[in-house]
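Q: Before anything else, here's the structure in question.
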Amino acid sequence: MDLKMLKDEYLKVDTDQDDALLKTLITAAKEYIRNGIGRYTEGNAQFELVVGMLVEHWYENRGMYESGVSGSNIPFTVHALLTQLRYVDVKGNEEDKQIESEVNLPSKEKGAG
């Protein structure tokens, strides 16, 4: 997850004012994933999605919250993705590219026609 993609796709931020904070949040999100499931695979789309979602959540909900208060909990979608990633053998970027190319093949090349 690079800073530009995070700012453009997740946060819609167009200034450099919070770049240091965002870099810290990216690092913290990767560590959160590693601590939660024991690994982080750089370049994997699902891991990158979780990083983006965590950073967005933390960036938009800065401050101290009490348990049960709206905005304080990690979103359910993040927990669901982490649960799946915990039990699935995930490869890096090369396998993702292979899957993408297979999905984008015309139907004749897939053997359907």
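Every number in this text was worked out from the coordinates using simple rules, so none of it is lab data. Here the structure is a predicted model, which means the values were calculated and not measured. Here the Cβ is made from the backbone with ideal geometry for all residues, glycine too, and neighbour counts use every protein chain on show.
Q: Pick out, in residue order, every one of the trypsin sites (Lys or Arg not before Pro) in the range 1-85 that is DSSP loop and has at most 16 other C-beta atoms within 10 Å; say none if there are none. Present the calculation step by step, with values, prior to reporting the outcome.
A: Working: sites: Lys4, Lys7, Lys12, Lys23, Lys30, Arg34, Arg39, Arg62; in loops: Lys12, Arg39, Arg62.
Passing sites in the range 1-85 are Lys12, Arg39, Arg62.
Q: Counting Lys and Arg as +1 and Asp and Glu as -1, what is the net charge of the other residues whose Cβ lies under 13 Å from the Cβ of Ile74?
A: Taking every other residue near Ile74 into account, the sum is -2.
Q: Is the shape of the range 1-91 best called rounded, prolate or oblate, per the rule: a/c under 1.5 gives rounded, else a/b larger than b/c gives prolate, else oblate, with a ≥ b ≥ c the square roots of the Cα gyration tensor eigenvalues?
A: In terms of gyration-tensor shape, oblate.
Q: Shifting gears a bit: Specify whether the C-alpha gyration tensor of the range 11-64 places it in the rounded, prolate or oblate class, a ≥ b ≥ c being the square roots of the eigenvalues: rounded for a/c under 1.5, otherwise prolate if a/b is larger than b/c and oblate if not.
A: Prolate.
Q: For Gln46 paired with Asp89, estimate the spin-label separation in nm (one decimal), with each label point 7 Å from Cα along the Cα-to-Cβ line.
A: Placing both labels 7 Å beyond Cα along the Cβ direction yields 1.4 nm.
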